[in-house]
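The values are calculated or read from the model by the stated rules, or taken from the named source; none is laboratory data. Note that the structure is predicted; figures quoted are calculated from it, not measured. Backbone-built Cβ (ideal geometry, glycine too); neighbour counts: all protein chains shown. The area values use the complete protein model at the heavy-atom level, side chains included, leaving out ligands, DNA and RNA. Shrake-Rupley method; radii C 1.70, N 1.55, O 1.52, S 1.80 Å.
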Amino acid sequence: MNTPTQFKQRLASELSAMATHPAPAPAPAPATRAPARRLRLPFAIAAVATAAAAAVVVPTLTGSGSSPAYAVTREDDGSLTLLLNRPEGLPGLQKQLKKMGVRAAVLEGDKNCPTGAPPHAPWATAGYAMTFPSDPAKAIIHPDMIPDDTVLSNGRRVAGATLLIVAEFGKDNATKAVSFRLVSKVPKCSVPGIGGGPDAHA
């Protein structure tokens with residue numbers, strides 16, 4: 001029955017020792033970051049990665065230059081100002097003219113075209129469907145000078161003409177010259193320099 005007595009004596013001794021030599025203050029717990037702060041860094045990295053990816057896929061203008069490969073502008077008088085800077089603009093130019101209601105075909109001149117230059121339509125000399133300013137990459141289309149299908153007084157139907165535009169490019173792919181011809185049938189190819197017209201400012 002002396003076990004409680006021994007326990008009491010041991011406890012008294014330990015309490016006395018603690019009173020004489022107090023234990024050192026506990027070290028402050030290491031600071032921890034809030035969960036929200038830990039999440040900000042991955043979020044910032046993800047945002048930077050997304051921005052970098054967006055910068056890579058930003059489209060550039062067609063071709064290697066800073067100017068567009070082609071452009072068509074409708075003027076107040078109904079004429080169209082055509083700008084053709086590089087050969088890759090030919091398909092887009094063809095589609096744009098069709099969209100604007102102009103019966104035209106666009107080809108890149110081929111010096112080795114076996115059929116040479118296409119024949120003129122019978123009414124080709126009635127007027128100039130295109131005129132040219134001094135810039136070789138520019139031309140002015142006059143849609144009202146492109147004959148439409150016509151029904152004569154005797155009931156005979158005469159097919160209209162198509163404005164054939166032939167572009168020639170230099171070694172640097174810049175436009176060297178643009179020529180045109182009104183044709184009854186659009187050829188598969190044509191030599192360059194198939195026609196002309198007066199200066200646009202004449």
Hey, residue 185 without any contact (Cβ under 8 Å) to a residue 60 or more places away in the chain and either surrounded by fewer than 18 Cβ atoms within 10 Å (Cβ to Cβ) or over 14 Å from residue 104 (Cβ atoms) (or both) or not:
no
Starting from the stretch 110-130, take each residue that is open to solvent by less than 100 Å² (accessible area, probe 1.4 Å) and list its partners that are at pLDDT 90 or above and of a type in the set (Lys, Arg), counting only C-beta distances under 7 angstrom and pairs at least six apart or across chains.
118/181; 124/181
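Out of the stretch 170-182, which residues are open to solvent by less than 30 Å² (accessible area, probe 1.4 Å), touching a Pro at 6+ places or on another chain (Cβ under 9 Å) and not polar (S, T, N, Q)? Please lay out each step first, then the result.
Filtering the stretch 170-182 for residues open to solvent by less than 30 Å² (accessible area, probe 1.4 Å) gives 170, 175, 178-180, 182.
Adding the requirement that they be touching a Pro at 6+ places or on another chain (Cβ under 9 Å) leaves 175, 178-179, 182.
Result: 178, 182.
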Considering (1) open to solvent by less than 30 Å² (accessible area, probe 1.4 Å); (2) at pLDDT below 85, say which one residue 165 fails and leave the rest.
(2)
Residues that are open to solvent by less than 40 Å² (accessible area, probe 1.4 Å), touching an Asp or Glu at 6+ places or on another chain (Cβ under 9 Å) and at pLDDT below 90, drawn from the stretch 134-160:
158, 160
Just one listed residue, out of 107, 90, is within 18 Å of residue 188 (Cβ to Cβ), open to solvent by less than 90 Å² (accessible area, probe 1.4 Å) and touching a Lys or Arg at 6+ places or on another chain (Cβ under 9 Å), and it is 107
Take the stretch 99-117 and flag every residue that is within 25 Å of the chain's Cα centre (by Cα), under 22 Å from residue 173 (Cα atoms) and hydrophobic (A, V, I, L, M, F, W, C).
105, 106, 107
List the pairs whose first member sits in the stretch 139-168 and is free of Cβ contacts under 8 Å to residues at least 40 places away in the same chain and of a type in the set (Ser, Thr, Tyr), whose second member is part of a strand (DSSP E or B) and open to solvent by 40 Å² or more (accessible area, probe 1.4 Å), and whose Cβ atoms are under 9 Å apart, counting only residues at least 6 apart or on separate chains?
150/157
Among the residues that make up the stretch 131-142, is at least one of them over 19 Å from residue 97 (Cα atoms), among the charged types (D, E, K, R) and in a loop (DSSP other than H, G, I, E, B)?
yes
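Report yes if residue 102 is under 20 Å from residue 71 (Cα atoms) and either among the small types (Gly, Ala, Ser) or in contact (Cβ under 8 Å) with a residue 40 or more places away in the chain (or both), otherwise no.
yes
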